[in-house]
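This report refers to the structure that appears directly beneath it.
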Amino acid sequence: MFDAYNELKAHPTINKLIGSDFMILEYKCPIDEETLQLLLQQHFITYVISGKKDWMTSGKTFAVKEGDAMFVRKGVYTTRQYFEVDHCILTFFMHDDFIRNFVRENNEFCGPACEEPIQDQIFPLDVDSPLQSLFQSIYTYLKMGKDIPRNLVEIKFKELLFNIILNQKHQKLSKFFTSLNQNSQTNLDDVMLKNFQHDLQLEEFARLCGRSLSAFKRDFEKVYHQTPGKWLNDKRLEYASALLLSSDLNVNEICYESGFTNSSHFNKVFKDKYQVPPKQFRLLRKNVQHAVR
């Protein structure tokens with residue numbers, strides 16, 4: 001899995017401007033891999049300068065091409081690369097705290113948060129003339145590198161958020177920004193339910209939740225009354241059992257789709273929970289379903 005923020009931050013040849021809780025960079029994606037799994041530990045805005053790419057999450061696919069932009073919440077995503085044209089993007093990473101501080105400073109413009117949690121992971125942006133001009137000006141600053149004062153970079157970043165919230169087509173995203181301000185910590189339940197099937201370390205789950213590892217474990221046991229490891233194992237097995245009955249994937253594919261990395265281990269823990277191995281579980285349950293019909 002590609003840890004986007006840390007990998008790109010450490011890359012020596014990428015043009016980037018780094019603040020205390022944000023980072024802007026120009027990135028030319030390598031074209032030798034068709035699909036890539038990304039871990040985003042910070043929220044992310046991408047503006048496509050050239051090329052096109054598909055972003056996949058929760059059964060949805062978002063296709064972005066030259067001139068498109070979108071806001072992506074932190075989490076795990078699969079991307080599909082197209083080879084016709086080099087994929088070059090302007091990228092903005094931001095911490096929860098950067099958005100929270102912006103909302104507190106400009107609460108009258110952001111509007112109320114949704115009463116129900118917002119489930120969307122990706123928000124396509126309306127690239128109108130003001131937003132396109134802003135992207136182009138930031139791109140110009142980025143080419144100047146370290147000569148740009150950090151305060152100016154932060155102003156441009158806030159201008160970007162203003163452009164988003166003042167556009168009526170972004171009301172749902174604005175409400176998501178406001179919801180971050182109302183919650184001092186990322187909703188743990190939301191992060192776990194969206195990402196349990198991915199092969200992440202506990203440290204990575206903790207960072208997605210905006211917590212240290214010790215705080216994550218403490219808060220997790222308060223919410224679920226069990227350890228993260230036990231919950232993840234049970235949740236992945238539950239998901240695997242559903243896939244066995246509802247899909248045509250073979251057992252190995254279901255193993256990896258559910259977040260397990262070793263098929264032998266998967267078969268063992270599955271049998272421990274359901275008393276039969278995955279293949280037999282599928283056969284027995286489907287026979288029962290046919291008999292009922």
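What follows is calculated from the coordinates using simple rules that are stated; it is not laboratory data. Computed from a prediction, not measured in an experiment: that's the story for all the values here. A quick note on method: Cβ atoms are made from the backbone with ideal geometry, for glycine too, and the neighbour counts reach across all protein chains shown.
Nearest 10 degrees, 0 to 90: what angle lies between the long axis of helix 96-105 and the longest principal axis of the chain (Cα atoms)? So the helix axis and the longest Cα principal axis differ by about 50 degrees.
Projecting the Cα atoms of Asn151, Thr227, Thr46 onto the charge dipole of the chain, computed from C-beta unit charges around the Cα centre, puts Thr227 farthest toward the positive end. For segment 234-283, the set of trypsin sites (Lys or Arg not before Pro) satisfying both a DSSP loop assignment and a count of at most 16 other C-beta atoms within 10 Å is empty.
Note on Glu66/Phe2: beta-carbon distance plugged into 1/(1 + (r/R0)^6) with R0 of 22 Å gives a FRET efficiency of 0.45. Across the chain, the relative contact order, built from alpha-carbon pairs under 8 Å that are at least six residues apart, equals 15 percent.
Grab the beta carbon distance between Ile14 and Tyr224, set R0 = 45 Å, and tell me the FRET efficiency rounded to 0.05.
The value I calculate is 0.70.
The GluC sites (Glu not before Pro) found in segment 11-92 that occupy coil by DSSP, while having at most 15 further C-beta atoms within 10 Å, are Glu33, Glu34, Glu66, Glu84.
Using r as the Cβ-Cβ distance of Gln280 and Tyr82, and R0 as 35 Å, what FRET efficiency do you calculate, to the nearest 0.05? Spell out each step's value before the answer.
Numbers: r = 42 Å, r/R0 = 1.19.
For R0 = 35 Å, the calculated efficiency reads 0.25.
Against the main long axis of the alpha-carbon atoms of the chain, helix 171-182 sits at an angle near 80°. Taken about its Cα centre, the chain carries a charge dipole of roughly 840 debye when the Cβ of each Lys and Arg holds +1 and the Cβ of each Asp and Glu holds -1.
Expressed to the nearest 5 percent, the antiparallel share of DSSP beta bridges inside segment 2-182 is 95 percent.
Using Cα atoms only, what is the angle between the long axis of helix 150-165 and the major principal axis of the chain, expressed in degrees (0 to 90) to the nearest 10? For 150-165 against the chain, the angle is about 70 degrees.
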